[in-house]
Amino acid sequence: METNGHEHVIEVTDLRRVYGGGFEAVRGISFSVRRGEIFALLGTNGAGKTSTVELLEGLARPAGGRVRVLGHDPYADRAAVRPRTGVMLQEGGFPSELTVAETARMWAGCVSGARPPAEVLALVGLEAKAGTRVKQLSGGQRRRLDLALALLGDPEVLFLDEPSTGLDAEGRRATWELVSALRDGGTTVLLTTHYLEEAENLADRLAIMHEGRIATTGTPAEVTAAEPSRISFELPDGYFVGDLPPLGELGVTGHETDGRIVRLRTHELQRSATGLLMWAAQARVELRRLDVRSASLEEAFLGIAKDASGQQAMGMTTKEYAA
């Protein structure tokens, strides 16, 4: 269970989940999460993220493979795992007529060693709403209440399913700061999110799922490194693409034009940008509308979805041709 001095508190090996009718939502995935780490599980709609998290939470038995949370099977050993974990679902489903404080006190009665309800409400910025009925809360405030209840048991492992859905920009940033502080305090966090910026800001490591499989995993930097960086600019008056220095010598792997705008793709951003700017200086021209940027997680995400879709289409064509 020890790797580089860090205990793997979540271990998933060849995990599978099959629903009625034979639909395989999770198709043999493997990953691990170390103690005190934020791990983000990303994917397109229907990729299998929530199906995976439900197996980690012990809500269902896997169709195949192995899951261990804190060294236990979360389904078979639920009594050993549940008191040490916190869960924030996509929908809390709390009684609408109860106040925020009443809801927190009710939930605390179901949690071993619960923290004072007022303390967790203050953590998520809901202390001023303690006397407000749940039905009167905004969508973002309900999400903050969901998070507060997940923290009542001071969990060692925290599962967050779309934690910032419905939050405004200020609320999202506050949630990120709180989750980061929990990680710094030793809590292990596994989150699913549709906000790629959230994953880039929070995750120590991440995995991108597509159609029940893990397409790639690593740190955000490692995942984005597979995608090319971009340089775009407007050609100076009187110049054409052929007047630029040989693009291959600049480390450029591809380019496209849109009128006078040139877009370059490169895996050697510093080399390409330096060579281009040196050429401009020597030619005494200005590269207007110059934009230089590293690859983003969004580009990596979209690239994986596009590649997977293309491979699937190619497979269908092959089958149709064989028939």
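The values are calculated or read from the model by the stated rules, or taken from the named source; none is laboratory data. Nothing here was measured: the structure is a model prediction, and the numbers come from that model. Cβ placement follows ideal geometry from the backbone for every residue including glycine, while neighbour counts extend to all protein chains displayed. Each accessible area value is taken on the protein alone, full model and side chains, heavy atoms only, with ligands, DNA and RNA left out. Shrake-Rupley method; radii C 1.70, N 1.55, O 1.52, S 1.80 Å.
Ranking A130, V87, T103 by how far each Cα lies toward the positive end of the dipole of the stretch 65-150 (charges on Cβ) leaves V87 at the top. Taking all protein chains together and a 1.4 Å probe, the residues H210, H255 rank H255, H210 from largest to smallest accessible area.
Only the Cβ atoms of Lys and Arg (+1) and of Asp and Glu (-1) were treated as charged; on that basis the dipole of the chain about its Cα centre amounts to roughly 540 debye.
Which of the three applies to the stretch 161-245, rounded, prolate or oblate, going by the alpha-carbon gyration tensor with a ≥ b ≥ c and a/c under 1.5 meaning rounded? The shape class here is prolate.
How large a share of the accessible area of the stretch 192-267, in percent, is made up of carbon and sulfur atoms when the probe is 1.4 Å and the other protein chains stay in place? Intermediate values should be presented prior to the final figure.
Working: 1680 of 3580 Å².
Answer for the stretch 192-267 is 47 percent, counting heavy atoms of protein chains only.
Ranked by solvent-accessible area (1.4 Å probe, protein heavy atoms only, all chains present), the residues R17, R173, R288 order from largest to smallest as R173, R288, R17. For the chain, the longest principal axis of the C-alpha atoms and the axis of helix 297-322 are separated by about 80°. The C-alpha atoms of the chain define a longest principal axis, and helix 169-184 lies at about 70 degrees to it.
Counting only heavy atoms of the protein chains and using a 1.4 Å probe, F23 has close to 120 Å² of accessible surface.
At 222 nm, what value in deg cm²/dmol follows for the chain if DSSP H runs of at least 4 each add -39500 (n - 2.57) and the sum is divided by all its residues, to the nearest 500?
On the way: 10 runs with 110 residues, N = 323.
About -10500 deg cm²/dmol.
Using a Gaussian network model of the chain whose springs link C-alpha atoms within less than 10 Å, name the residue from A174, A79, A130 with the highest mean-square fluctuation. Comparing A174, A79, A130 in a Gaussian network model of the chain, the most mobile one is A79.
Highest mobility in the GNM of the chain, judged by mean-square fluctuation with C-alpha springs under 10 Å and restricted to D146, D184, D243, is found for D243. Look at the dipole of the chain built from charges on Cβ: of L250, G46, M209, the Cα furthest out on the positive end belongs to G46. Based on protein heavy atoms only, the stretch 20-154 ends up with 45 Å² per residue of surface accessible to a 1.4 Å probe.
From the alpha carbon gyration tensor of the stretch 1-148, can you work out the equivalent ellipsoid semi-axes (sqrt of 5 times each eigenvalue) and give them in Å, largest to smallest? List each step's numbers first, then the result.
On the way: eigenvalues 199, 72, 40 Å².
The answer is 32, 19, 14 Å, longest axis first.
Going from most exposed to least, what order do M209, M278 have by accessible area with a 1.4 Å probe?
Numbers: M209 0, M278 105 Å².
The most accessible residue leads, giving M278, M209.
Ignoring ligands, DNA and RNA, please state the percent of accessible area on the stretch 1-136 from carbon and sulfur, probe 1.4 Å. Walk me through the intermediate numbers first.
Numbers: 3170 of 6660 Å².
So the carbon and sulfur contribution to the accessible surface is 48 percent.
The string of couplings for the stretch 59-74 from the Karplus curve (6.51, -1.76, 1.60, θ = phi - 60°) is 7, 8, 8, x, 6, x, x, 9, 10, 9, 10, 6, x, 10, 6, x Hz, one whole number per residue in order, with x for Gly and Pro. The HN-Hα couplings worked out from phi for the stretch 90-107 by the Karplus form 6.51 cos²θ - 1.76 cosθ + 1.60 (θ = phi - 60°) are 5, 10, x, x, 8, x, 6, 7, 6, 7, 4, 5, 5, 5, 5, 5, 4, 5 Hz, whole numbers, x standing for Gly and Pro.
Loop sites here are GluC sites (Glu not before Pro) outside DSSP states H, G, I, E and B with no more than 14 other Cβ atoms within 10 Å. The longest part of the chain free of them is 98-285.
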